[in-house]
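Please treat every number below as a calculation from the coordinates, not as lab data. Keep in mind that what you see is a predicted model, and the values were worked out from it rather than measured. Cβ atoms come from the backbone with ideal geometry, glycine included; neighbour counts cover every protein chain shown.
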Amino acid sequence: MTIEIHAMGDYWEPGLDERTELGEVVHRAKDLGDPVAARELAERFAHFVDTVAPIDATIVPIPASPDRPTVLLEMVAGDRMQRVVERRNVTARLRDVEPADRAAVAQAGGYVITAECAGMNVVVLDDVVLTGTTVRHVGELLAGAGAASVVGVVLARTRRR
């Protein structure tokens with residue numbers, strides 16, 4: 001199954017070393033811990049998810065690394081969230097890993113399906129992606145466990161700087 005990924009926007013201005021307006025809000029929420037920015041992002045992202053995801057879809061956030069907890073994705077998922085994926089291992093942040101090594105790092109994360117998902121339409125939710133390796137890896141696990149459909153939805157695309 002091919003996992004299609006929809007991004008709400010870009011983190012960086014094309015060709016520049018400047019964040020987009022979205023990138024600035026993501027930076028404030030994730031890197032600076034700004035709760036006002038986190039709420040704003042959650043509202044904007046939830047609206048975007050609703051525009052691209054099937055209405056009956058179950059939302060499955062990418063589990064955070066045990067050493068980097070986050071609640072942003074859970075704020076977005078709301079009542080439609082189900083915890084059907086667990087991450088068991090700490091790994092390097094993919095933004096710090098060469099592209100050729102990312103699939104191995106995603107596998108090393110120890111993602112496992114922990115609940116029934118057969119027949120479900122699933123939206124895999126992530127915040128910032130560079131190549132979509134983790135979204136695709138988790139999506140493939142869900143598809144292998146019988147999900148009827150899997151689509152990825154991400155807050156922002158980034159690029160190597």
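Which is the longest stretch in the chain that no exposed loop site breaks, taking sites as GluC sites (Glu not before Pro) with a DSSP loop state and at most 14 other Cβ atoms within 10 Å?
On the way: sites that count: Glu18, Glu116.
Value returned for the longest uninterrupted segment is 19-115.
Taken about its Cα centre, the chain carries a charge dipole of about 360 debye when Lys and Arg each add +1 at the Cβ and Asp and Glu each add -1 at the Cβ. Less than 5 angstrom separates the built amide H of Gly152 from those of Glu4, Ile5, His6, Val124, all sequence-distant by 5 or more or on a different chain.
The Stokes-Einstein estimate for region 118-161, based on a Kirkwood radius over Cα pairs and taken at 4 °C with 1.567 mPa s viscosity, is a diffusion coefficient of 120 µm²/s. Measuring spread by the Cα atoms of the chain yields a radius of gyration and Dmax of 14.9, 44 Å. The calculated 222 nm mean residue ellipticity attributable to helices in the chain amounts to -9000 deg cm²/dmol, summing -39500 (n - 2.57) over DSSP H runs of n ≥ 4 and dividing by all residues. The H on the amide N of Ala147, modeled in the peptide plane, is under 5 Å from the matching H of Gly119, each at least 5 residues off or on a different chain.
Taking the longest Cα principal axis of the chain as reference, the axis of helix 35-52 is set at about 50 degrees. Annotation: amide H of Leu130 within the under-5 Å range of Thr158, sequence separation 5 or more or interchain, hydrogens built in the peptide plane. Expressed to the nearest 5 percent, the antiparallel share of DSSP beta bridges inside the chain is 15 percent.
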